[in-house]
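The values are calculated or read from the model by the stated rules, or taken from the named source; none is laboratory data. This structure is a prediction, so every number in the text was calculated from the model and none was measured. Cβ sites come from the backbone with ideal geometry, for glycine too, and all protein chains shown count toward neighbours.
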Amino acid sequence: MPRTPPTPRVLMVTPEAVPWAKTGGLGDVAGALPVALAARGFSVTLVLPYYRTVREGGHAVEETGKLLRIPVGRGALDVVLLRAKGTPRGLETLFVRCDPLYDRPGLYGEKGRDHPDNAERFGLLAAAACEIARAPDLCPQAPQVIHAHDWQAALVPVLLATRYREDPVLQRVRTLLTVHNLAYQGLFPPEALDLWGLPRGLHDIRFLEFHGQVSALKGGLVFADRVSTVSRRYAREIRTEEFGCGLEGVLEERAQDLTGIPNGIDVGSWDPRADRHLPARYGTGDLGGKRACKAALQRELGLPERPGTFLVGVIGRLVPQKGVDLVLDALPRLAKLDWQLAVLGSGEPELERKIRAAAEADPRRVAVRVGWDEGLAHRIEAGADAFLMPSRFEPCGLNQMYSLRYGTVPIVRAVGGLADTVRDARSRGGGASATRAKPGTGITFRPATAAALAIAVARAERLFRDPAAWGRLVAAGMAEDWSWDRSAADYAALYRTMLRRPPRRPALPGEVLRPPAAPAPVVPPGPATPPPPEWGPPLPDRTGRDRLGLLVQGARQLYAFWETSVAGPLRLDVVEGGSGARRTVASPAAPLADAWIGAEPDRSYRAELLPAEGGAPVLRSWSVRTPRDRPATARPFPGVPEGAFGTVPGAPAVPSSPKGGGPPEGGGR
């Protein structure tokens, strides 16, 4: 009999996990993946902060009797370790309790502003995870793999490569860093290195430095044994300037160690055979209940109850990133089709107004519910014939996987996780193989245009008129497995691959590892004063590259940086994607500079550098989107006056108002 490979011991470090704390998809992943790994026989220890949500959520937690003293800056913090009760066999969940840092209403911030000590809060989490891994009374058998999630845990690989470099236990541990969204990068002033107990030599372009700051995520990307993202396509996209958010160079260097693993879905909550939100249940081979769900959905939304009409669903945020504006622009092109559109979601007020207006203008064809209704979301997935997702970018996406499970054919833009999870039905027969091995499961298109979207919807509608072809698409989609068990198998294979290689500990020059000779000043020297030797080699004044970058710093702040060889007076404008509103941020704009820009939550922006007197842009940045409810990083740094960290001579000071800017939420050059 073939020998079953051993299951690695895994320590998973995350800033959030369901059911204890969640702000987004990261919480779903970090909560479901350990359970799926434990079900496969893995020994998994999950580590996260003991937030107020854990204490007030009614979760069963017990004392471990273990107290850890964690170095922080020139002092130390005592943390208590708690343990979740009633976890599945093979899984232990430990909470790092430090009430001064974690006992707050928001996980990362409040009222659209980051907690000002996030550098300390998540530096402590990473250091505590390392101490847990090397404590024999907590981990009798040391973990073989530490799996860190997003920038808040990305310092673990950095600590293992520096502070714990010679530790007899940790020097054998491999590290995996999973990036859930590259827009959140954990960027802080250089003094954070002292806070984290790291040498100032890491303030170097080769390691954690980014435009005078330090990036926790960049450090993890540089030092982790392997890096993963939440889809295979997204793993390729983030190596490009369009999607790389300034980190594409680092990611390209690590291309051989970069893996994409799609997220899974909760197949218990999303099961058409047992969904409590549906008027009728159904499954593969018996779609009578789906037809009943379609009729009930048409009645619920006030649409004509016609079984032969092609019903398309849209669920999600009404924002340009999700392509809602493309849907609106495509409506006139689709006027001749016998189709209906059911929309559920909320987002930018202007897009909400436009989608409502479309429903008022054609109520027999377009139905809209602005807001959120969990039950209606399930009924749209079950009752629609097809589901439309024309996202401009999508790291993973979940609704297309719900649709496949519910026999609802997805129509998606071939980007990120959408391209990974939906195979196009390429032949006229419908449902023909996208490859010889696997049949198509949906309709895909590439250009982010209303014309391409309309062609894709029309193509799906034609296939819908062919019951045999449509039936093959539906059956192929329902046969797909996007459960967490599948994702766990991919992670298990990656862990085993990592264990076949020695741990990655990049060689560091002696001057990099040397600690500062004296405590660093609170405010770094001005531009005219050379940095102390322990900061590493000086940064170049120029890179010789014309470039304009725009990064998300939080719900209400952006950061722009640029370099151009174009002569003549210039100005920097920021343009809001939804309304097209333009405002000038810097005029005149220096050829090499940066700027902090006030923004609004849940909106898309781009920056343009153009002649001061008008004319075509000289440089244009990629488009970015501010988060709705998840701040990105901390600012200001504790004890440092606002505006103290201009990174380029002549850069504007940081405004102190809530709509002001802050240090960039970015990565490496």
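Can we say R174 is closer than 15 Å to V227 by Cβ and either touching an Asp or Glu at 6+ places or on another chain (Cβ under 9 Å) or not assigned by TED's automatic domain parsing to the domain that holds K66 (or both)?
Judged against the criteria, R174 is a match.
Please verify whether A60 is touching a Lys or Arg at 6+ places or on another chain (Cβ under 6 Å) and modelled with pLDDT under 90, treating the condition exactly as stated.
no
Take the residues of segment 608-642 that are of a type in the set (D, E) and either at pLDDT 50 or above or touching a strand residue (DSSP E or B) at 6+ places or on another chain (Cβ under 7 Å) (or both): which is surrounded by the most Cβ atoms within 10 Å (Cβ to Cβ)?
By that ranking, first place goes to E608.
Taking the stated definitions as given, is A590 outside the structural domain of F210 (by TED's automatic domain parsing), surrounded by fewer than 19 Cβ atoms within 10 Å (Cβ to Cβ) and either at pLDDT 75 or above or among the acidic types (D, E) (or both)?
Considered against the rule, which asks whether it is outside the structural domain of F210 (by TED's automatic domain parsing), surrounded by fewer than 19 Cβ atoms within 10 Å (Cβ to Cβ) and either at pLDDT 75 or above or among the acidic types (D, E) (or both), A590 comes out as yes.
How about segment 397-415: which of its residues are of a type outside the set (D, E, K, R) and touching a Pro at 6+ places or on another chain (Cβ under 6 Å)?
Scanning segment 397-415 gives Q400, S403, Y406.
For the condition in contact with a strand residue (DSSP E or B) (Cβ under 8 Å, 6 or more places away or on another chain), buried (at least 24 other Cβ atoms within 10 Å of the Cβ) and either more than 18 Å from D257 (Cβ to Cβ) or not assigned by TED's automatic domain parsing to the domain that holds D602 (or both), what is the one hit in A154, A142, A161?
A154
Does any residue in segment 358-374 that is over 18 Å from R333 (Cβ atoms) and in contact (Cβ under 8 Å) with a residue 24 or more places away in the chain come within less than 8 Å, Cβ to Cβ, of a residue that is acidic (D, E) and surrounded by 12 or more Cβ atoms within 10 Å (Cβ to Cβ) six or more places away or on a different chain, and which pairs are these?
Between residues of segment 358-374 that are over 18 Å from R333 (Cβ atoms) and in contact (Cβ under 8 Å) with a residue 24 or more places away in the chain and residues that are acidic (D, E) and surrounded by 12 or more Cβ atoms within 10 Å (Cβ to Cβ), the close pairs are V370/E352.
Rundown of residues vs (1) of a type outside the set (A, V, I, L, M); (2) surrounded by fewer than 22 Cβ atoms within 10 Å (Cβ to Cβ), yes/no style:
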residue	(1), (2)
R232	yes, yes
D257	yes, yes
G264	yes, no
G268	yes, yes
D271	yes, yes
I315	no, no
Q321	yes, yes
V327	no, no
R333	yes, yes
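With respect to the numbered conditions (1) under 15 Å from K85 (Cα atoms); (2) assigned to a loop (DSSP other than H, G, I, E, B); (3) touching a Ser or Thr at 6+ places or on another chain (Cβ under 6 Å), which one is the sole condition not fulfilled by G58?
Checking G58 against (1) under 15 Å from K85 (Cα atoms); (2) assigned to a loop (DSSP other than H, G, I, E, B); (3) touching a Ser or Thr at 6+ places or on another chain (Cβ under 6 Å), the one that fails is (3).
Against the condition part of a loop (DSSP other than H, G, I, E, B) and hydroxyl-bearing (S, T, Y), how does S391 come out, does it pass?
yes
Each row is one residue, and each column tells you yes or no for (1) crowded, with 22+ Cβ neighbours inside 10 Å; (2) over 24 Å from V54 (Cα atoms).
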site	(1), (2)
G75	no, yes
A84	no, no
E110	no, no
F122	yes, no
Q171	no, yes
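Condition first: assigned to a loop (DSSP other than H, G, I, E, B) and either in contact with a helix residue (DSSP H, G or I) (Cβ under 6 Å, 6 or more places away or on another chain) or among the charged types (D, E, K, R) (or both). Can you find one or more residues in segment 296-307 that meet it?
yes
Hey, does segment 31-40 have a residue that's farther than 30 Å from I261 by Cα and either in contact with a Lys or Arg (Cβ under 8 Å, 6 or more places away or on another chain) or modelled with pLDDT under 90 (or both)?
No, segment 31-40 has no match at all.
Listed residues A148, A129; which is in contact (Cβ under 8 Å) with a residue 24 or more places away in the chain, surrounded by 21 or more Cβ atoms within 10 Å (Cβ to Cβ), in a helix (DSSP H, G or I) and assigned by TED's automatic domain parsing to the domain that holds T23?
Going through A148, A129 in turn, the sole match is A129.
Which residue pairs have Cβ atoms closer than 6 Å, lie 6 or more positions apart in sequence or on different chains, and pair a first residue in segment 7-28 that is surrounded by fewer than 18 Cβ atoms within 10 Å (Cβ to Cβ) with a second residue that is hydrophobic (A, V, I, L, M, F, W, C) and not in a helix (DSSP H, G or I)?
If the second residue must be hydrophobic (A, V, I, L, M, F, W, C) and not in a helix (DSSP H, G or I), the pairs left are T23/L107.
For segment 345-397, enumerate the residues that are closer than 24 Å to E237 by Cα and either assigned by TED's automatic domain parsing to the domain that holds R233 or surrounded by fewer than 20 Cβ atoms within 10 Å (Cβ to Cβ) (or both).
Within segment 345-397, R392 is the sole residue that qualifies.
Among (1) over 27 Å from G416 (Cα atoms); (2) out of contact with any helix residue (DSSP H, G or I) (no Cβ under 6 Å at 6 or more places or on another chain), there is one condition V366 misses while meeting the rest; what is its number?
(2)
Having 2 or more residues that are modelled with pLDDT of 90 or more and in contact with a Gly (Cβ under 9 Å, 6 or more places away or on another chain) is the bar; report the strands (runs of 3 or more DSSP E) wholly within segment 159-260 that clear it.
Hits in segment 159-260: 174-179, 213-215, 226-229.
Could you list all residues from segment 339-357 that are in contact with a Leu (Cβ under 6 Å, 6 or more places away or on another chain) and part of a helix (DSSP H, G or I)?
L351, E352, K354 - these are the residues of segment 339-357 that are in contact with a Leu (Cβ under 6 Å, 6 or more places away or on another chain) and part of a helix (DSSP H, G or I).
With the structure loaded, tell me whether G246 is surrounded by fewer than 19 Cβ atoms within 10 Å (Cβ to Cβ) and either out of contact with any Leu (no Cβ under 8 Å at 6 or more places or on another chain) or farther than 20 Å from A161 by Cα (or both) or whether it fails that test.
Here the answer is no, as G246 does not meet what is asked.
Please find, among T53, T45, the residue that is assigned by TED's automatic domain parsing to the domain that holds P199 and over 29 Å from R556 (Cβ atoms).
T45
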